[in-house]
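Okay, so here's the structure we're looking at.
The values are calculated or read from the model by the stated rules, or taken from the named source; none is laboratory data. Note that this is a predicted model, so its numbers are computed, not measured. Positions of Cβ are backbone-derived with ideal geometry, glycine not excepted, and every protein chain shown enters the neighbour counts.
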DNA sequence: TACCGGAAGTGAAACCTTTCAAAAAGTCAG
DNA sequence: CTGACTTTTTGAAAGGTTTCACTTCCGGTA
């Protein structure tokens with residue numbers, strides 16, 4: 001698959017070692033302390049001196065040695081983030097939010113993906129600690145958070161990402177999944193639907209459990225009998241095929257549903273695909289609501305109603321909290337819970353009223 | 001939108017400073033040199049001594065100071081990558097490939113997104129240099145690569161990502177976009193199409209220019225008159241709306257096309273959406289081919305034929321090259337060009353033969 | 001002229017690790 | 001018991017920056 005088309009040319013690596021602050025000082029005819037001041041506290045240096053030093057820096061192509069700086073100053077300008085899966089658009093947007101916020105304070109982000117594996121998670125945390133990061137944002141792969149105690153005791157600030165934290169003891173940033181499920185179901189109920197299908201994943205995944213809770217809550221709030229108005233279908237793979245499979249089960253019901261809530265957009269896509277194949281009109285004969293508001297939800301032939309999470313804001317807020325925790329000594333831990341948003345599109349139209357059983 | 005639900009709890013930061021190798025040595029009753037050896041060359045240390053030291057390390061919760069290590073040893077285990085846009089799935093997959101390859105050699109990745117802005121690009125490169133990275137993978141925002149000369153002269157290894165490099169002088173990894181365009185068009189020609197629409201973006205974007213070249217090449221190879229068999233439509237925004245807009249123009253032609261190649265999948269999605277709205281059947285009345293093979297291409301109601309790029313492999317190869325360049329002194333620069341792959345799905349069916357003009 | 005005070009610049013110590021020459025300890029043959 | 005090894009441990013130097021107590025340099029005032 002790969003083809004090397006060219007292979008030639010010798011490495012032309014610069015001969016000498018990297019220039020140090022001492023070389024700059026020598027060329028500029030000042031002491032090392034002065035060069036350091038030009039770099040860090042320019043206001044303390046006379047303009048002409050500063051100019052001389054800056055000139056020396058450019059002619060030599062001097063680049064500050066971050067390790068030495070960090071070793072001496074004892075503080076870095078890096079933050080780590082350990083996310084569950086870097087190729088998940090959710091975390092990509094979160095990462096972007098983190099990065100943007102950090103850039104404002106001239107921090108940089110070291111991003112690591114744990115692939116939901118505890119061993120990688122821990123290895124990365126250790127590497128980040130060694131790197132001397134000011135703090136780490138973690139979206140933990142497991143329920144148990146005990147492994148974070150030691151690093152915290154050592155002074156590494158930690159903020160939980162996409163996971164509500166144990167109150168009082170640490171900072172966390174998450175989105176209210178219960179509310180999201182509630183929004184989706186309440187929307188359908190408001191449209192007149194009285195029998196709703198819910199395509200869910202395994203409830204040992206927190207998100208699935210929470211969203212389910214929200215869906216049931218919405219029905220109860222509308223004084224609908226949950227047992228009769230909600231048909232739950234659980235699939236193991238939360239993708240389009242899983243959705244289509246779930247749909248088949250829902251269509252075989254004696255007492256059919258008129259609307260379907262899916263725990264994510266990929267599953268919703270499968271449901272919509274199946275409906276089209278079966279000639280069921282969306283939204284006239286079946287309303288569909290997804291979750292996540294992924295990129296393609298808006299651009300489908302029948303645009304998909306979905307629940308949007310403030311992913312970018314989540315990242316920004318997490319970074320904000322971490323910077324605060326890392327900087328100020330007397331810090332109050334905060335648990336921030338973002339609210340998801342219902343984005344109504346064509347896939348959920350008003351239900352043509354049928355005589356209610 | 002955000003609501004703080006809890007805010008309490010005082011920071012319980014460990015009192016003392018971080019434990020150093022000296023503390024470990026003292027507790028274990030050995031010299032610092034021995035502790036260092038346990039950490040770096042355990043085979044040199046007698047088993048009992050090693051055990052004592054390891055015990056001391058765990059009781060103290062010692063974490064090696066990476067800055068000091070790097071300062072002294074002169075070499076880090078970090079690699080930087082500057083990509084155009086971290087929220088683009090293309091780069092996400094590439095990043096994953098990079099990370100996986102680096103992990104094998106116990107390197108970690110510092111990932112930065114330039115947002116296609118030259119200033120951010122340069123700022124990040126500087127920060128990475130200061131961090132003492134062994135090398136940097138760059139997908140440059142601009143044609144000009146002069147700004148990479150200085151860092152390279154200073155000894156920072158650089159590999160171009162998703163951009164064929166100037167031969168001989170540096171390593172690069174890219175995907176053959178000309179070939180991709182060729183594959184798409186050749187596929188349609190093979191199906192019997194003799195008049196093909198091409199929805200493209202501005203040709204100053206390299207990818208657009210290259211893919212266009214490939215499309216034309218395929219037609220010439222089939223001995224079709226390019227002027228008559230190819231209808232090019234250029235849109236500025238390469239998204240679904242752009243695609244739908246381009247479709248409208250194509251449908252108004254006196255001599256209509258029977259197939260459409262789109263320069264990316266999002267545009268293809270717009271085209272398909274417009275076709276469905278207009279009641280044109282895919283693939284019977286119009287074949288559609290996209291480019292990128294994004295996640296949703298396979299799960300649409302009419303799955304989309306597309307061109308797949310070996311993104312993960314691209315990342316792996318880039319990391320491989322960078323590690324090689326950073327390690328071995330007498331290094332031959334390599335330009336790797338990956339070949340894209342045609343993924344045939346339902347959206348491109350055989351063309352029902354009409355009498356050829 | 002002598003002295004003062006503030007601004008500018010200096011230079012050595014400290015940060016924590018790795019490295020390496022050399023010392024110490026242990027092993028074995030003679 | 002000695003000498004010739006090998007294995008293990010030691011201790012101090014080195015790496016580049018920041019920090020900070022000091023010195024130097026000035027213009028201005030008494």
Q. Which ones in the stretch B:28-41 are free of Cβ contacts under 8 Å to residues at least 24 places away in the same chain and near DNA strand D (Cβ under 10 Å from one of its atoms)?
A. B:29, B:30, B:31, B:32, B:33, B:34, B:35, B:36, B:37, B:38, B:41
Q.
Residues that are free of Cβ contacts under 8 Å to residues at least 24 places away in the same chain and either within 13 Å of DNA strand C (Cβ to nearest atom) or not in a loop (DSSP other than H, G, I, E, B) (or both): does the stretch B:81-88 have at least one?
A. no
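Given the options B:107, B:62, name the one that is more than 30 Å from residue B:207 (Cα to Cα), more than 9 Å from every other protein chain (Cβ to nearest Cβ), buried (at least 17 other Cβ atoms within 10 Å of the Cβ) and in contact with a strand residue (DSSP E or B) (Cβ under 9 Å, 6 or more places away or on another chain).
B:107
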Q.
When you check residue B:306 against the structure, is it buried (at least 24 other Cβ atoms within 10 Å of the Cβ) and assigned to a loop (DSSP other than H, G, I, E, B), yes or no?
A. no
Q. So is residue A:73 within 14 Å of DNA strand C (Cβ to nearest atom) and more than 10 Å from chain B (Cβ to nearest Cβ) or not?
A. no
Q. So, in the stretch B:137-159, of the ones that are within 13 Å of chain A (Cβ to nearest Cβ) and surrounded by 23 or more Cβ atoms within 10 Å (Cβ to Cβ), which residue ends up farthest from the chain's Cα centre (by Cα)?
A. B:156
Q. What are the residues in the stretch A:195-216 that are in contact with a helix residue (DSSP H, G or I) (Cβ under 8 Å, 6 or more places away or on another chain) and not in a helix (DSSP H, G or I), if any?
A. A:195, A:196, A:197, A:198, A:199, A:200, A:201, A:202, A:203
Q | Criterion: more than 13 Å from chain A (Cβ to nearest Cβ), near DNA strand D (Cβ under 10 Å from one of its atoms), over 44 Å from the mean Cα position of the chain (by Cα) and within 24 Å of residue A:156 (Cβ to Cβ) - qualifying residue of B:46, B:25 | A | B:25
Q) How many residues are buried (at least 17 other Cβ atoms within 10 Å of the Cβ) and outside any helix (DSSP H, G or I) when one looks only at the stretch B:71-80? A) 5
Q) So how many residues does the stretch B:314-333 have that are buried (at least 20 other Cβ atoms within 10 Å of the Cβ) and touching a helix residue (DSSP H, G or I) at 6+ places or on another chain (Cβ under 9 Å)? A) 10
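Could you pull out the residue among A:343, A:336 that is within 9 Å of chain B (Cβ to nearest Cβ), surrounded by 16 or more Cβ atoms within 10 Å (Cβ to Cβ) and touching a residue at least 12 places away in the same chain (Cβ under 8 Å)?
Answer to the check: A:336.
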Q.
If residue A:276 meets every condition in (1) in a loop (DSSP other than H, G, I, E, B); (2) without any contact (Cβ under 8 Å) to a residue 12 or more places away in the chain; (3) within 11 Å of chain B (Cβ to nearest Cβ) apart from one, which number is that one?
A. (1)
Q) Regarding residue B:68, is this residue more than 8 Å from chain A (Cβ to nearest Cβ), within 16 Å of DNA strand D (Cβ to nearest atom), without any contact (Cβ under 8 Å) to a residue 40 or more places away in the chain and surrounded by fewer than 22 Cβ atoms within 10 Å (Cβ to Cβ)? A) no
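Residue-by-condition table, conditions (1) at pLDDT 95 or above; (2) under 18 Å from the mean Cα position of the chain (by Cα); (3) in a strand (DSSP E or B):
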site: B:315; (1), (2), (3): yes, yes, no
site: B:323; (1), (2), (3): no, yes, no
site: B:337; (1), (2), (3): yes, yes, yes
site: B:346; (1), (2), (3): no, no, no
site: B:357; (1), (2), (3): no, no, no
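Going by the conditions given, is residue B:84 away from DNA strand D (no atom under 16 Å from the Cβ), within 12 Å of another protein chain (Cβ to nearest Cβ) and modelled with pLDDT under 95?
Answer is no for this residue.
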